[in-house]
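Inspection log for the structure reproduced underneath, given as C-alpha cells.
The numbers here are math on the coordinates, done by the rules we state, and not lab data. These figures come from a predicted structure and were not determined experimentally. Please note: Cβ atoms are built from the backbone with ideal geometry, for glycine as well, and neighbour counts cover all protein chains shown.
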Amino acid sequence: MIRDSQLHLVRVLDKRIKERKVNPFELGKKLKVVEVGKYVLCNNNFDRKRGKLDTPWWGPYLVVACEGNNITIKDLCTGRLRKVDVSVLKVFIHHELTEDELRVLAQEDVGECLVKEVIDHRVTPGRERFKKSYEFLLEFEDGDKEWSDYMDCRNLEQLSKYVSGKPELNLFQE
C-alpha cells in the first residue's frame with residue numbers, strides 16, 4: 001500500500017491543517033482574479049460525473065497562464081497543462097508546504113502513489129479508435145495487479161510513461 005514515508009507526510013500535512021483555525025480546503029473562495037504562480041483547487045464536477053465518495057475539489061494545480069476567464073493550470077503529478085474556466089477554481093491555501101508536499105497531495109487525488117507501473121493494455125475489438133474502450137493492467141506497490149478503465153487511470157504519470165513506449169497507442173500521446 002502506501003509507503004511509510006508517504007503515510008508520515010500525509011499525517012504531518014493533516015496535523016498542520018488541523019492546527020490552524022481555518023481549513024485551507026474550505027477557506028478557498030470562487031476566484032475572480034487568478035495570479036500566475038499561485039496554487040488552486042479545481043472542481044471535480046466539471047470534468048466528469050463524480051462518485052459519492054470522490055472529493056469535490058482536486059489539486060492543487062499551479063496556475064501558469066491567465067487569459068481573461070481562461071486559466072491554464074499545470075497538473076503537479078503529470079506536468080500536463082489544461083485550460084479551464086475561472087469559475088471551476090478556488091484558492092488553495094498552502095502555508096509552509098514544500099513543492100514535494102504539494103505534489104504528494106495532488107497524487108492522493110488520482111491514487112498515483114499506490115501505482116507502481118502500468119504492465120499491459122487491452123481493448124475491445126473493433127473499438128480501437130476510442131480511448132474509453134481501453135483497459136490497462138496496473139501493478140500496485142503492494143504487488144497486486146488489477147485491470148482499470150482508461151477513464152479511471154488517465155491522469156497517472158505511469159500511464160503516460162507506458163504509452164510513450166508503445167507506438168500502437170499513439171491515440172493517447174499528446
Give me the net charge of S148's neighbourhood, meaning all other residues with Cβ under 12 Å from the Cβ of S148; Lys, Arg count +1, Asp, Glu -1. -4
Paramagnetic reach from K166 (point 7 Å along Cα→Cβ, amide N under 15 Å) across the range 136-152: 136-139, 146-152
7 Å from Cα along Cα→Cβ at both K116 and S87: what's the point-to-point distance in nm? 4.5 nm
